[in-house]
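Colleague: Here you go, one structure.
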Amino acid sequence: MTMEEFLIFGLGWAGIFLPTALGAIGSILGCARAGQAACGALLDVESGYGRLIGATALPSSQTIYGIVVTMQLNRTVTSEAAPGLFALGLLVGSALLLSAVLQGSCVASAVNATKTKPEVFGLAMVPAAIVEGFAVFAFIFAMIIAGGIPGGTPGGTPG
Amino acid sequence: MPYPVSYYMLLASLPHMPRTFDVEHVPISRLRLEQRLRMLSARDAGTVEQVQRFWLWDRQHAERTDQEVREEYDRLMTAIRNPLVRNIIAFRMDVRTITSALRRRRLGMAPPEGVGRWVDQIHRHWDHPDFRLIREHPWIPALKADMEANVPLQAERRLLQVTWNRWTRLSDDYHFSFEALLLYLARWEIVDRWTRRNEQLGCRRFETLLTEALGAHAPSHH
């Protein structure tokens, strides 16, 4: 295998796994941020602990979207498919990573706002839900575009 | 590798600051605040200690010469690297210098030596009602009016309000960061200063009422 082939196939395989990897990194950071804020808030509230901790799981969904996109991209890597796999994997993975991290910040703010006004919990979570919406857009269009990359088969198994 | 500080946890563990400093109690007691601040790394704790020492120095009503104030200001500005802490100290010292200039002019004295950015400006425009600082410090005419009306409580409240507004505005730009914590502490300091003042007034009022009620049998207070 030449250096050029190594690079092309390497990037192709990386593109397949990038949505899962970047989505997971984003979920780790987002859930950690939200979780730390929830732990802090526990020191300052007398009730509603479960709700605060439960909200911190919201940035987990990006990992699930990443796994599904990876399954859809999974195919035999060829020199025709590799550029598309890499570009799509990198871009959708980046979108998932960023949305998870910033969703974590939104949840942290919601947790903080809910401390003194528990009744605003639902409303305070709306910004986090909006950020989730953009992750869903990136996910759906990645699924659609993945069908146009050479080598794909229905169901996303290697062709 | 030191354990990374979670400002998310620390700031979420602090109760919300009230909308105004004119409240009856601080949102969190000093003891509990100190407990929460133990989450900070040694470096951040050092910076917080620097700014807290400045506030303590600023609170003491000891008579100080201009030379002593200048030396303290220079010492702080040499020792402190954090830009926001420098901003907090510089603004407070600017307010002190301008207030001192207004007082001295009212008493017919010479301009103060003072410290901070506006010393030269004050010297240059000594005869101008607001030292031509209205754009940077729009509160000067109101404070001057308070001084002329001889209402020191209102003047003090106004100065705290000016500082409070500045920290509140700045805090809009920071969330879950060390800067957000510093601005929280800066506002806590103002609330604490105000509530302690109320406590002292309350104690004096209580003593007066006690004296009136007990007449000649009232205990003497020191």
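The values are calculated or read from the model by the stated rules, or taken from the named source; none is laboratory data. As the structure is a prediction and not an experimental result, all values here were calculated from the model. Methodologically, a virtual Cβ is constructed for each residue, glycine included, from the backbone with ideal geometry; neighbour enumeration extends over all protein chains shown.
Colleague: Go through A:THR20, A:THR56, A:THR2, A:THR63 for me and flag whichever is farther than 30 Å from A:GLY122 by Cβ, among the polar types (S, T, N, Q) and in contact (Cβ under 8 Å) with a residue 24 or more places away in the chain.
Modeller: A:THR20
Colleague: From the list A:VAL68, A:VAL111, A:VAL77, which residue is among the β-branched types (Val, Ile, Thr) and crowded, with 23+ Cβ neighbours inside 10 Å?
Modeller: The unique qualifying residue is A:VAL111.
Colleague: In region A:142-152, is there at least one residue being free of Cβ contacts under 8 Å to residues at least 40 places away in the same chain, part of a helix (DSSP H, G or I) and surrounded by fewer than 16 Cβ atoms within 10 Å (Cβ to Cβ)?
Modeller: There is at least one residue in region A:142-152 that is free of Cβ contacts under 8 Å to residues at least 40 places away in the same chain, part of a helix (DSSP H, G or I) and surrounded by fewer than 16 Cβ atoms within 10 Å (Cβ to Cβ).
Colleague: Pairs needed: first member in region A:100-116, facing another protein chain (nearest Cβ under 7 Å) and more than 13 Å from A:ALA38 (Cβ to Cβ); second member anywhere, surrounded by fewer than 21 Cβ atoms within 10 Å (Cβ to Cβ) and not polar (S, T, N, Q); C-beta distance under 7 Å; at least 6 residues apart or different chains.
Modeller: A:THR116/B:HIS16
Colleague: I would also like to ask the following. What single numbered condition from (1) surrounded by fewer than 19 Cβ atoms within 10 Å (Cβ to Cβ); (2) more than 21 Å from the chain's Cα centre (by Cα) fails to hold for B:ARG105?
Modeller: (1)
Colleague: List every residue pair whose Cβ atoms sit under 6 Å apart, with the two residues 6 or more apart in sequence or on different chains, where the first one lies in region B:74-87 and is hydrophobic (A, V, I, L, M, F, W, C) and the second, anywhere, is loosely packed, with under 10 Cβ neighbours inside 10 Å and modelled with pLDDT of 85 or more.
Modeller: none
Colleague: Within region A:126-137, which residues are touching a residue at least 60 places away in the same chain (Cβ under 8 Å) and crowded, with 21+ Cβ neighbours inside 10 Å?
Modeller: Within region A:126-137, A:ALA128, A:ALA135 meet the criteria.
Colleague: Looking only at region B:21-48, count how many residues are exposed (fewer than 14 other Cβ atoms within 10 Å of the Cβ) and not in a helix (DSSP H, G or I).
Modeller: 5
Colleague: Moving on to the next point. Among the numbered criteria (1) modelled with pLDDT under 90; (2) part of a loop (DSSP other than H, G, I, E, B); (3) in contact with a Leu (Cβ under 7 Å, 6 or more places away or on another chain), which one does B:VAL51 miss?
Modeller: For B:VAL51, the failing item is (2).
Colleague: Given the residues B:ARG117, B:ARG166, B:ARG124, which is the only one that is within 27 Å of B:GLY46 (Cβ to Cβ), surrounded by fewer than 15 Cβ atoms within 10 Å (Cβ to Cβ) and not aliphatic (A, V, I, L, M)?
Modeller: Working: B:ARG166 fails: surrounded by fewer than 15 Cβ atoms within 10 Å (Cβ to Cβ); B:ARG124 fails: within 27 Å of B:GLY46 (Cβ to Cβ).
Among B:ARG117, B:ARG166, B:ARG124, only B:ARG117 is within 27 Å of B:GLY46 (Cβ to Cβ), surrounded by fewer than 15 Cβ atoms within 10 Å (Cβ to Cβ) and not aliphatic (A, V, I, L, M).
Colleague: Return yes or no: is A:PHE134 more than 14 Å from chain B (Cβ to nearest Cβ), part of a helix (DSSP H, G or I) and at pLDDT 95 or above?
Modeller: Judged against the criteria, A:PHE134 is a match.
Colleague: Restricting to region B:3-31, count the residues that are more than 8 Å from chain A (Cβ to nearest Cβ) and under 21 Å from the mean Cα position of the chain (by Cα).
Modeller: 15
Colleague: I've got another one for you. Going residue by residue through region B:35-44, is there one that turns out to be farther than 22 Å from A:VAL111 by Cα, away from every other protein chain (no Cβ under 14 Å) and within 20 Å of the chain's Cα centre (by Cα)?
Modeller: no
Colleague: Does region B:126-178 hold any residues that are of a type in the set (Val, Ile, Thr), more than 22 Å from B:GLY114 (Cα to Cα) and in contact (Cβ under 8 Å) with a residue 12 or more places away in the chain, and which are they?
Modeller: B:THR168
Colleague: Inside region B:54-82, can you point out the residues that are charged (D, E, K, R) and not in a loop (DSSP other than H, G, I, E, B)?
Modeller: B:ASP58, B:ARG59, B:ASP66, B:GLU68, B:ARG70, B:GLU71, B:GLU72, B:ASP74, B:ARG75
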